[in-house]
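K.L.:
Have a look at the structure that comes next, please.
The values are calculated or read from the model by the stated rules, or taken from the named source; none is laboratory data. Everything numeric here is computed off the predicted structure, so don't read it as measured data. Cβ placement follows ideal geometry from the backbone for every residue including glycine, while neighbour counts extend to all protein chains displayed.
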Amino acid sequence: MKLFRLCVLGLQMMLPAAPPLFANDLLVETGAAARGDGAGAVRVEARVAWRNGWRNDRNHDAAWIVVKLGTSDRPRWTHARLVSVAVTGGAPEARCEVTRDRVGAFCAARSAHRGDVDWTLAIEADAGALAGGAIEARVIGLEMVYVASGPFSIGDGDPRSVQYAAYYRSDAQGRHAGTYRVASEDAIRVAPEDGALYYQTRTPQYEGDQRGPVPAEFPKGTRAFYTMKYEILQGEYATLLDMLPDDATFFRAPFAGRGYDAGRGTIRREGNRYVAGRADRPANWISWDDGIAFADWMGLRPMTELEFTKAARGPGEPVPGDYPWGTSSKDRLRRRIGPDDELVRSGDADEAKLTDETRDVLGASYYWVMDLAGSVWEKVVTLGHPAGRAFQGTHGDGVLGDYGRATNDDWPSGDQDGGGYGYRGGGYYERGMADRAFNPYSPTAWRSYGSWGGAPRSIAYGFRAVRTTDDVASDGKRRADAGAAYTPALSDVEAVRLAVLDYMDAIDLSDPSRIERRGHSDLVKRRSWREADGPWNEGSMPYERLRQVAWDWNGDGRTLRLGPPRETVILEPFD
């Protein structure tokens, strides 16, 4: 393995470099890490490489990069806020963009490209309150696919699809009148009325409650987003387990039950390390709470069932009975799970041969997202349950709560009939399984389990996460000026920060949703705060008090004003 030695302002390498982390063909190697002379400054070098990358007129793939930091004095890993990520070498020409909330960065080819990518990165991160001891860094990556903004259609033009709870455009009597066009992020009317969205249900627990509306805040897929190219892989999930606190592994490790090994699971513990025997195999035996924990830890979020459809079909009108590869036939499909429990990736199924003309051979979507049908079931946030409709698309912040739980309040949660999510795309269960209506491949519009909120670990259950691009506010909510350029009120250098006491993790208050999500902390600490025109206070404000107040920027562009006029709190930047 090639390692990179980095000296920052005279400081030498502090700890051995981390081992390479694999995500299918994505290779991420972490070099040395060292502190800079600024408060909390850390520099890390890394290598990022993968095969069969692309950028074309339609879209591109990218690596999503996050950094976890630890010290010799503090065994628990913390999520680093990124300041900058620069491409210092390699090919093709590339650029990395740090997200506005600084949770991670997307790295992609700068211009038209098809083939392998291999880059060296210089990463500047903020360790926040991580003080003392030698610094160790681990750079973690996922291969992502860009899904462009714009309208698209849900449902199926074939009226027979209503028996599978497919969405449709309703006529005045609530009958199927064709596909439904999702043209914007505006609220969607759900009713048996002319022009409304509707669907048929025999068992609301599985297909949905037929209620609405779907709020404007619910991510509908007309805004650009990135989705994981593949489902979570066993190597990726083993990395999560390996970096969690010990108590969290009791809740997130999936391999305690009998049948796990025989059911294609290869994650195991070797001493105190978690490893995967087949790192590039899709991670099955993943519950809903497992999946959203991974999403939160990686700074992503769950995918909605509308985004699932957009990622599969793109903007065009679908053919009746279509699969994500754009046809209603499986005859040419070669990317199947073989008798050795592996997805076939050679011969005609080699991804190097992927073009728009071979999508139905490789099972690739319109945007070249892989395995949206087959492999393992996709878990998605549903329209058919109140907990799903309450989803606002907030992003994870890289920090989990107690026992390895996701902390976003708007996300559905609970493995045992928690509600708010469902299943799309079909899944592969056992060797020699014959093709059936739903398994292992399900047509894009079919959703007979689209609102079933039971998500125990199972041989055919996986997960895939997404992230909205920064053309919307960093809390994931819709902006009135969504089409206009966005200028943050504070620069990265001036960003106001808080520190959560139990994790001492820096939080950028330019994303106010981070205040609302800290369900695992009772107190929030800051340098100074005051109410109205009262005296400045040092120390802590009760967490419950902070989460109840509204927020807005002051006119000076440097301070944040929270709360109604009678309970104003002003937070100022650290020096």
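K.L.:
Filter region 163-172 for residues that are in a loop (DSSP other than H, G, I, E, B) and touching a strand residue (DSSP E or B) at 6+ places or on another chain (Cβ under 8 Å) and give the result. Quick ask: steps written out before the conclusion?
P.N.:
Going residue by residue through region 163-172, those that are in a loop (DSSP other than H, G, I, E, B) are 165-167, 171-172.
Across region 163-172, the qualifying residue is only Y167.
K.L.:
Could you say whether any residue in region 288-306 is assigned to a strand (DSSP E or B), among the β-branched types (V, I, T) and in contact (Cβ under 8 Å) with a residue 60 or more places away in the chain?
P.N.:
Filtering region 288-306 down to residues assigned to a strand (DSSP E or B) leaves 301-302, 304.
Now drop any that are not among the β-branched types (V, I, T), which leaves 304.
Okay, now just the ones that are also in contact (Cβ under 8 Å) with a residue 60 or more places away in the chain, so 304.
Yes, there is a match, as at least one residue in region 288-306 is assigned to a strand (DSSP E or B), among the β-branched types (V, I, T) and in contact (Cβ under 8 Å) with a residue 60 or more places away in the chain.
K.L.:
In addition: Given the options A248, A216, name the one that is of a type in the set (A, V, I, L, M) and surrounded by 15 or more Cβ atoms within 10 Å (Cβ to Cβ).
P.N.:
Details: A216 fails: surrounded by 15 or more Cβ atoms within 10 Å (Cβ to Cβ).
When all the criteria are applied, what remains is A248.
K.L.:
For region 139-155, indicate whether the set of residues that are touching a Phe, Trp or Tyr at 6+ places or on another chain (Cβ under 6 Å) and either more than 30 Å from Q234 (Cα to Cα) or small (G, A, S) (or both) is non-empty.
P.N.:
Within region 139-155, one or more residues are touching a Phe, Trp or Tyr at 6+ places or on another chain (Cβ under 6 Å) and either more than 30 Å from Q234 (Cα to Cα) or small (G, A, S) (or both).
K.L.:
Among the residues that make up region 383-390, is at least one of them touching a helix residue (DSSP H, G or I) at 6+ places or on another chain (Cβ under 9 Å) and either charged (D, E, K, R) or in the same structural domain as G115 (by TED's automatic domain parsing) (or both)?
P.N.:
The answer is no; no qualifying residue exists.
K.L.:
From the list E231, E136, E193, pick out the single residue that is farther than 22 Å from P315 by Cα and either in a strand (DSSP E or B) or among the basic types (K, R) (or both). If you could, list the steps in order and put the result at the bottom.
P.N.:
Values: E231 fails: either in a strand (DSSP E or B) or among the basic types (K, R) (or both); E193 fails: either in a strand (DSSP E or B) or among the basic types (K, R) (or both).
Exactly one residue qualifies, and that residue is E136.
K.L.:
For region 77-87, does any single residue satisfy the condition of being surrounded by fewer than 19 Cβ atoms within 10 Å (Cβ to Cβ) and either farther than 19 Å from A137 by Cβ or among the polar types (S, T, N, Q) (or both)?
P.N.:
Within region 77-87, the first condition is being surrounded by fewer than 19 Cβ atoms within 10 Å (Cβ to Cβ), and the residues that meet it are 84, 86-87.
This time we only want the ones that are either farther than 19 Å from A137 by Cβ or among the polar types (S, T, N, Q) (or both), so: 84.
Yes, because at least one residue in region 77-87 is surrounded by fewer than 19 Cβ atoms within 10 Å (Cβ to Cβ) and either farther than 19 Å from A137 by Cβ or among the polar types (S, T, N, Q) (or both).
K.L.:
Right, here's the next one. Considering only residues that are in contact with a strand residue (DSSP E or B) (Cβ under 9 Å, 6 or more places away or on another chain) and of a type in the set (D, E, K, R), which ones fall in region 173-193?
P.N.:
Across region 173-193, the qualifying residues are R175, R181, R189, E193.
K.L.:
Working carefully through the options D410, D360, find the one that is surrounded by fewer than 24 Cβ atoms within 10 Å (Cβ to Cβ) and part of a loop (DSSP other than H, G, I, E, B).
P.N.:
Working: D360 fails: part of a loop (DSSP other than H, G, I, E, B).
So the residue among D410, D360 that is surrounded by fewer than 24 Cβ atoms within 10 Å (Cβ to Cβ) and part of a loop (DSSP other than H, G, I, E, B) is D410.
K.L.:
Please verify whether G291 is closer than 19 Å to W54 by Cα and buried (at least 24 other Cβ atoms within 10 Å of the Cβ), treating the condition exactly as stated. I'd like the intermediate steps shown before the answer.
P.N.:
Details: closer than 19 Å to W54 by Cα: no; buried (at least 24 other Cβ atoms within 10 Å of the Cβ): yes.
The answer is no for G291.
K.L.:
Further question: May I ask you to say which residue of R160, R211 is assigned to a loop (DSSP other than H, G, I, E, B), of a type in the set (K, R) and surrounded by fewer than 17 Cβ atoms within 10 Å (Cβ to Cβ)?
P.N.:
Values: R160 fails: assigned to a loop (DSSP other than H, G, I, E, B).
Among R160, R211, only R211 is assigned to a loop (DSSP other than H, G, I, E, B), of a type in the set (K, R) and surrounded by fewer than 17 Cβ atoms within 10 Å (Cβ to Cβ).
K.L.:
Please specify each residue of region 331-357 satisfying the condition of being assigned to a loop (DSSP other than H, G, I, E, B), touching an Asp or Glu at 6+ places or on another chain (Cβ under 9 Å) and of a type outside the set (K, R).
P.N.:
Answer for region 331-357, where residues must be assigned to a loop (DSSP other than H, G, I, E, B), touching an Asp or Glu at 6+ places or on another chain (Cβ under 9 Å) and of a type outside the set (K, R): D331, L333, E342.
K.L.:
What number of residues in region 284-327 are of a type in the set (F, W, Y) and over 18 Å from Y423 (Cβ atoms)? Step through it out loud before you land on a result.
P.N.:
So in region 284-327, the residues of a type in the set (F, W, Y) come out as 285, 288, 294, 297, 308, 323, 325.
Right, trim to over 18 Å from Y423 (Cβ atoms) and you get 297, 325.
Here the count works out to 2.
K.L.:
Now for a different question. Name, by its number, the condition in (1) part of a strand (DSSP E or B); (2) farther than 25 Å from R223 by Cβ; (3) not hydroxyl-bearing (S, T, Y) that does not hold for G141.
P.N.:
Just one mismatch for G141, condition (2).
K.L.:
Test each condition in (1) assigned by TED's automatic domain parsing to the domain that holds A172; (2) in a helix (DSSP H, G or I) for L240 and report the one that comes out false.
P.N.:
For L240, the failing item is (1).
K.L.:
Given the conditions (1) at pLDDT 95 or above; (2) buried (at least 17 other Cβ atoms within 10 Å of the Cβ); (3) touching a Phe, Trp or Tyr at 6+ places or on another chain (Cβ under 9 Å), report the number of the one that R268 does not fulfil.
P.N.:
Of everything listed in (1) at pLDDT 95 or above; (2) buried (at least 17 other Cβ atoms within 10 Å of the Cβ); (3) touching a Phe, Trp or Tyr at 6+ places or on another chain (Cβ under 9 Å), R268 misses just condition (2).
K.L.:
Still on this structure, I have one more. Scan region 167-185 and give yes if some residue there is at pLDDT 95 or above and at positive phi, otherwise no.
P.N.:
Filtering region 167-185 for residues at pLDDT 95 or above gives 167-185.
Then keep just the ones that are at positive phi; that gives 174, 178.
Within region 167-185 (the criterion being at pLDDT 95 or above and at positive phi), the answer is yes, since at least one residue qualifies.
K.L.:
Output yes when any residue across region 342-355 is in contact with a strand residue (DSSP E or B) (Cβ under 9 Å, 6 or more places away or on another chain), of a type in the set (G, A, S) and under 25 Å from A166 (Cα atoms), and no when none is.
P.N.:
no
K.L.:
May I pose another question? Restricting the search to region 316-342, which residues are of a type in the set (A, V, I, L, M, F, W, C), closer than 24 Å to L142 by Cβ and in contact with a helix residue (DSSP H, G or I) (Cβ under 8 Å, 6 or more places away or on another chain)? Walk me through it before giving the result.
P.N.:
Just the residues of region 316-342 that are of a type in the set (A, V, I, L, M, F, W, C), to begin with: 319, 325, 333, 337.
With the extra rule that they be closer than 24 Å to L142 by Cβ, the set shrinks to 325, 337.
Matches in region 316-342: W325 only.
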